[in-house]
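For reference, the structure is listed below as structure tokens.
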Amino acid sequence: MGDIKIDGKLFQERINHFINAWKNDKRAGDQIFGGVSSILIMMGKVEENPEFHKNNSMHFWLLGYEFPTTLMLFTLDCLYVVTTAKKAKHLEQLKGGRFPIEVLVRGKDASENEKLFLKIADSINSAGKKVGLLTKDTSKGPFVDEWKKIFADKCKDAEETDIAVALSTAAFSIKDETELRAMRTASKACVALMNPYFLDQITNILDQEKKVKHSALAEKVDRKLDDAAWWKTVQLPNKQKLPSDFDSSQLDWYLGPAVQSGGKYDLKLHAEPTNDNLHAGIIIAGMGLRYRSYSSTIARTFLVDPNKVQESNYKLLYAVHNQVLKEIRDGVTASDVYKKAISLIKSKKPELEKHFLKNVGSGIGIESKDPTLVLNAKNSRTLKDGMTLCVTTGFQDIENPQPQDKLSKNYSLTITDTIRVTNSEAVVFTGDAPTDLDATSFFFKDEEEQQPTPKKEKKDARVGAVATKNITNTRLRSERSAQVDDDQEKKRREHQKELAAKKQKEGLARFAESTSGQNGTEVKKFKKFESYKRENQFPPKVRNLEIIVDQKNMTVILPVMGRPVPFHINTIKNASKNDEGEWSFLRINFLSPGQGVGRKDDQPFEDASAQFVRSLTFRSLDGDRYDEIATQISNMKKEATKKEQAKKDMEDVIEQEKLVEIRNRRPAVLDNVFIRPAMEGKRVPGKVEIHQNGIRYQSPLSSQQRVDVLFSNIRHLFFQPCAHELIVVIHIHLKDPILIGNKKKTKDVQFYREATDIQFDETGNRKRKYRYGDEDEFEAEQEERRRRAELDRLFQNFATKIAEAGKNESLEVDMPLRELGFNGVPFRSNVYIQPTTDCLIQVTEPPFMVITLDDIEIAHLERVQFGLKNFDLVFVFKDFTRAPYHINTIPVESLEDVKEWLDSSDIPFAEGPLNLNWPTIMKTVTADTHQFFVDGGWSFLANDSDDEDQDDEDEESAFEISEDDLEDASESSEEDSDFDSNASAEASEEGSDDDEEEGEDWDELEKKAKRKDREGGLDDEDRGRNTKKRRH
């Protein structure tokens, strides 16, 4: 007992509180203390299995420790303590306080010890006839027997009164802030062991269908109590952690851990865990912990694949439990709380009343159960603010009308929480562990998805999502009429004028004040770098006054006028070494304002009177060393530039919150899918899981190879079927980029599965070579269609589940409208681009293209002129700092469809014959955006296109051009056009090459055919047909 330190101040506070309550009760008529004049608390020898009762609870409450073989006698004037010499020295420090204490030390002399007991007996007799005792005290030992003999002989006239209720009322039941803090911490520890630890354990056992005994699982939870490292990192369900001053060594079990299932239940949780295996049915888990001597209890019922009756009964228990918590408040009697619970059960399901527990809890604190504060139908004790209770509601041994097996014939349900009584609603200390049905139910049976019955051919199910006017009877655009409806064109022009006027008005409103001088971006400032904070951080070699390249601090230290001067690598432009005769010269050039070396190195003037060092030159006879220094500086400069660029690239990458996994049931899974961008390592299919706040892609190669995407970071969710494609796709476009695999930055994540199967290979391999005749081929085609349709259904259902799980983030599944698509070159390859409800996308081949229509300011059609087979489309975004987006080499046959789609999407557009210099245009826009809109905004694009149209009309009305002249004109217009650097020169040759000339020999025709093949030209039947020129 050498480490014992009793808090003298707390002792005086509590004993004075107790004595004052005793005195006040005497004045009020002895209602609580029963008129006793003295109170005797006896502690015998230490028990093998110590439990907390009123006697040792009084020791803990006053002293913070238990003192065995000790007698305490309380009178209104003094506290007498009889104990051994070792314990007495710890009590000596309590003397001299406000309330007097007299310590009587026992020794080995029996006669002297008897005198001490006689003195206590005299004090009892002199105080009064009534003495307060704990009548149910079970203390044993020679010390107790010796006292009982003296008490029976010397205190014959004393009237014994049970003091248990008085101790509970005046000392234990109402807690101070120190006691409440200990109970809150004990409750948080209970929650941590229950959820997440115990919940994770049973989830894994049930999910993997392991056979684990109750005792083994309980022992595993028991061992976790001593895992100090786990306690430091554990996170509660509400994402909070345990208090910073939490000391796991102060934790101890007083109940459990208890694990029950398989029809054998004890809702008191006192029974030892059995050696039966955990049964997938009704599982009850409970435990009780002490922290700094104060107790907390928690119990939860987990329902695995429950039937409707079990769910209904648990919902009733949940309602009863909440009703009890609602009723508990200051001034309510304990019996009223229980009666409210019974009345609710009678009104809902009276047949369950006989299964309900005989009480709904009791007081808790130093004692794990206060027998004087039980919440039953007979206890008339009044609840007070500051009391702490263990509230337990439950149904015992209910018969299961739909048992899954012989172990499910009977079951029990219970919920236990530790709470604090207040003037209003009770504070639930263990409330972080949820008790509602959704949080405690597990569903492991596979949901049988209804298979659609095969029906006759019907129209495409997606047709409803596409405007009827956009669906044509022809399959190919080349079969459609090239005539432009004049009325439709007129309506479109009028609508575009309205959109242009609206856009101009919005621009003037957005940029009401001048933005000149800032270039639309942050004003440049003179950058300052710090190599060393203190002189002692310099390398030791600086004493030699030589040139030092400090790789660690990215600094070059140069000797200047006898002193080492550090220069950060970001202040150095370059370093070079020259030889003149026997001397070698090292020249180091620095970055300084006004050099005019380009925007990258441009430094602004901060002080017009400041002077800058442009370069330093050193000479030496050691040319090899200067070579080495120049190389080191160059390499360091490259490394610094690389780091700066990497930092810049990662500026917009966010760190997502942690994915909250689903624990009470199996998550929805889409298996055997690939991810793009691909993860490092071998290319193998993984699985996608839907969790509470996002989705997770898990690679089978390693548990660490996974990608989490939160619903809050998803901007668009697309499903693209495998019709006309080789893959079926679920594509996710993010709000902010994330890192995948080996630091791959991406704003698009795609899950796909290949729609083709090797057994259906058209090369004659596999099953193909065993099939003969048209009937077998037809059967194979039908099987391919069915398989593709099933693949589409599987992916579309999963995309819908993702949208439902992320409905709080307003997620919706968007599908591309293939009927409105067109070919183009957004990057380097020609791909098929398709509109959706909110976007324009290409998600078949990487790099992917996702343009949100709401982000578009205006669209511009370039190279729209007579004789060209292709045109370009440029999107300017509302964020003018964002570079315009180019889609090049769109076939001219798609021109009217693109215009119609832009117009129907309320996107203003203009057209022109040439490619514009967009970097220069956007620099003008961002230099002074307000002035740009004052000068007419984007009207300059429309004016150019109007002038071009007018010129074409004038030319058409003036004369008729011959075929030869037309061919010459188209060739000259091709040569004069200034194409964009991204445009495909081969795909933009004049259409006049399609005309055939008489007298051409076979060699010339062969060359022309090869050129057509390179261009990805027309079909065979189209090659021999003259193309008709369309006039604009």
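The values are calculated or read from the model by the stated rules, or taken from the named source; none is laboratory data. This structure is a prediction, so every number in the text was calculated from the model and none was measured. Because the Cβ atoms are built from the backbone with ideal geometry, glycine has one as well, and the counts that use them run over all protein chains shown. Accessible surface is based on the protein model in full, side chains and every heavy atom, while ligands, DNA and RNA are left aside. Shrake-Rupley method; radii C 1.70, N 1.55, O 1.52, S 1.80 Å.
Among the residues of segment 200-219, those identified as under 20 Å from residue 255 (Cα atoms) and not hydrophobic (A, V, I, L, M, F, W, C) are 201, 213, 214, 215, 219.
Screening residue 166 on (1) out of contact with any helix residue (DSSP H, G or I) (no Cβ under 6 Å at 6 or more places or on another chain); (2) open to solvent by 60 Å² or more (accessible area, probe 1.4 Å) shows it passes everything except condition (2).
Residues are listed down the side, and each one gets a yes or a no for (1) modelled with pLDDT of 85 or more; (2) in the same structural domain as residue 749 (by the TED database):
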position	(1), (2)
625	yes, no
632	yes, no
635	yes, no
646	no, no
649	no, no
652	no, no
655	no, no
675	yes, yes
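Under 21 Å from residue 500 (Cα atoms), of a type outside the set (Ser, Thr, Tyr) and either crowded, with 18+ Cβ neighbours inside 10 Å or at pLDDT below 75 (or both): is that true of residue 940 in this structure? Spelling it out, it is not the case that residue 940 is under 21 Å from residue 500 (Cα atoms), of a type outside the set (Ser, Thr, Tyr) and either crowded, with 18+ Cβ neighbours inside 10 Å or at pLDDT below 75 (or both). For segment 657-669, name all the residues that are open to solvent by 100 Å² or more (accessible area, probe 1.4 Å) and at pLDDT 85 or above. Passing the criteria: only 658. Looking only at residues of segment 41-62 that are among the aliphatic types (A, V, I, L, M) and open to solvent by less than 10 Å² (accessible area, probe 1.4 Å), we find that the one that is farthest from the chain's Cα centre (by Cα) is 41. Whenever a residue of segment 549-573 is touching a residue at least 24 places away in the same chain (Cβ under 8 Å) and part of a strand (DSSP E or B), its partners that are open to solvent by less than 40 Å² (accessible area, probe 1.4 Å) and acidic (Asp, Glu), lying with C-beta atoms within less than 9 angstrom and at least six residues away or across chains, give the pairs 556/550; 566/550.
Any idea which of 203, 135 is in the same structural domain as residue 51 (by the TED database) and surrounded by fewer than 21 Cβ atoms within 10 Å (Cβ to Cβ)? Checking each option against the conditions leaves just 135.
Within this structure, residue 690 fails the test of being more than 22 Å from residue 208 (Cα to Cα), buried (at least 16 other Cβ atoms within 10 Å of the Cβ) and within 17 Å of the chain's Cα centre (by Cα). Listed by position, the strands (runs of 3 or more DSSP E) inside segment 81-183 whose residues that are in contact (Cβ under 8 Å) with a residue 12 or more places away in the chain and β-branched (Val, Ile, Thr) number at least 3 are 101-106. Against the condition open to solvent by less than 70 Å² (accessible area, probe 1.4 Å), of a type in the set (Gly, Ala, Ser), closer than 30 Å to residue 19 by Cα and more than 29 Å from the chain's Cα centre (by Cα), how does residue 216 come out, does it pass? For residue 216, the condition - open to solvent by less than 70 Å² (accessible area, probe 1.4 Å), of a type in the set (Gly, Ala, Ser), closer than 30 Å to residue 19 by Cα and more than 29 Å from the chain's Cα centre (by Cα) - is not met. Residues of segment 21-40 that are within 58 Å of the chain's Cα centre (by Cα) and surrounded by 15 or more Cβ atoms within 10 Å (Cβ to Cβ): 21, 22, 25, 32, 33.
Restricting segment 633-656 to residues that are touching a strand residue (DSSP E or B) at 6+ places or on another chain (Cβ under 6 Å) and open to solvent by less than 60 Å² (accessible area, probe 1.4 Å), which is nearest to residue 444 (Cα to Cα)? Result: 656. A single member of 353, 367 is crowded, with 23+ Cβ neighbours inside 10 Å and of a type in the set (D, E, K, R), and it is 367. If you go through segment 809-825 one residue at a time, do you hit one that is open to solvent by 50 Å² or more (accessible area, probe 1.4 Å) and on the phi > 0 side of the Ramachandran plot? Yes, there is a match, as at least one residue in segment 809-825 is open to solvent by 50 Å² or more (accessible area, probe 1.4 Å) and on the phi > 0 side of the Ramachandran plot. Within segment 321-340, one or more residues are under 32 Å from the mean Cα position of the chain (by Cα), open to solvent by less than 10 Å² (accessible area, probe 1.4 Å), of a type outside the set (Val, Ile, Thr) and closer than 24 Å to residue 203 by Cβ.
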